[in-house]
1. Remind me, relative contact order of segment 165-214 in percent, using alpha carbon pairs under 8 angstrom and six or more residues apart?
2. Per 5 Å bin, what percent of the C-alpha pairs of segment 250-404 does each bin hold, from zero upward?
3. Express the relative contact order of segment 190-301 as a whole percentage, based on alpha carbon pairs under 8 Å and six or more residues apart in sequence.
4. List 169, 397, 213 from most exposed to least, where exposure is judged by having the fewest other Cβ atoms within 10 Å.
5. What net charge is computed for the residues neighbouring residue 148, neighbours being all others with C-beta under 11 Å from the C-beta of residue 148, Lys and Arg scored +1, Asp and Glu -1?
6. Starting from 0.36 nm per residue, how many nanometres of slack lie between residue 290 and residue 353 once their C-alpha separation is accounted for?
7. Using helices alone, what [θ] at 222 nm do you get for the chain, with -39,500 (n - 2.57) per DSSP H run of 4 or more residues, divided over all residues and rounded to the nearest 500?
8. Apply 1/(1 + (r/R0)^6) to the Cβ-Cβ distance of residue 330 and residue 244, taking R0 = 45 Å, and write down the FRET efficiency to the nearest 0.05.
Amino acid sequence: MKYSFQIRRGLLASLCAAGLLGPALAQAPADKIRIGFMTDIGSVFASVDGPGGVDAVRMALEDFGPVLGKQVEVLVFDHQNKPDLAAVKAREWFDRQGVQALFFGSNSAAALASTKLANEKKRILFAVGAGSPRLTNEDCTAYTVQYAYNTDSLVNTGVAAALKQGMDSWYILAADYAFGHAIEAQVKKQVAAGNGKVVGSVRHAVNTADFSSFMIQAQAAKPKILALANAGGDAVNAIKAAREFGLTRNTALLGFGMTHDVIHGLGLPVTQGLRVIDHWDWTVSEQSRKWGQRFIQRNKVAPTSVQAADYSAVTSYLTAVKNANTTDADAVMAALRKLRINDMYAQGGVIREDGQMVHPIYMFEVKTPAEQKEPFDYYKTISAIPGDVAFAPLKDSACPLVKK
């Protein structure tokens, strides 16, 4: 099986060393099926997805094997969190490289920049780690699948659980892009609906190094809970700052969409007690544990929820192609909606007519160092929220494709 990677020059050597770089490819040969994978390879979200996400896709292709008698090839591009770069590369892949399906491992803005094009070209777009609810609401298309989560599902799960515990005054620290904006808006809505109060909110630029001014503002508001609407390196720096300024002595931290890499990077002494809302962990089931151990053997670090979803999304796509006996986008989308996804990532997962894959969402609590039983064993599962509870009902969708 061949792989083709189109990436920034600075990452060339490391990916070659990892055995991930293949030859440049022209129009897909008749005996090949070609998919594309875009993500942040070397910046703030690289640990959320990045090279580990690339390897998860590679694992899926290796495990599935040929489809319709054809080998499957993947092209990879580092979109650098720039929507314009993502859209230009998507057009090139569709027009010149014969890409049949496009997978976005991270960044909502990058995925949103390509949905209209994918719809125009009749190519399926999987927004795997992109959480903006716009993807399955006002910006939905007949060929978009939002696979892992949306921000509403994370917030609905987290706010309800926190309010039940008496945490009724909130301060929000949000990343200043689509993901952060969506979480901020939904937290405000859900807290108000639950008779709580948002005592303040502030936004920060992506890849912020110094969070001191933000923590001073949050500390002055004296909230019971600080909601972190960010990810990757931004989440790491925010948690460090919260600890350094003593905010965590009187305020609980709740991370929406915070992934396993953040806990690993900071360590349990810093993150213990942190509440995390996420869509998967490698310890949630025996099936997830077996797959997670394989990933750890290959990458020397535990997989994040997004990396697991990359594997599952590619596998689901190939299963649908096999079932439809074609790569025709309309037939494959119909086959995808017939799937019941039961694998190492999701149990009872279904893809609705708005393109949302519905499956359980979890609340975890970070273990203390004494509670850890093995390497990368960081979470206690507090609750598993069924998908039909975590995700907004289809009747509330703003997707024009939904029949009401």
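Read the figures in this text as sums done on the coordinates, not as results from a lab. Here the structure is a predicted model, which means the values were calculated and not measured. All Cβ positions, glycine included, derive from the backbone under ideal geometry; neighbour counts span all protein chains shown.
1. Numbers: 53 pairs, mean separation 24.2, N = 50.
48 percent.
2. In whole percents, the pair-distance histogram is 2, 9, 16, 18, 17, 14, 10, 7, 4, 2, 0, 0.
3. Numbers: 110 pairs, mean separation 22.9, N = 112.
That works out to 20 percent.
4. Numbers: 169 17, 397 22, 213 12.
Final ranking by Cβ density, sparse to dense: 213, 169, 397.
5. So the surrounding residues net to -3.
6. 19.5 nm
7. -12000 deg cm²/dmol
8. 0.25
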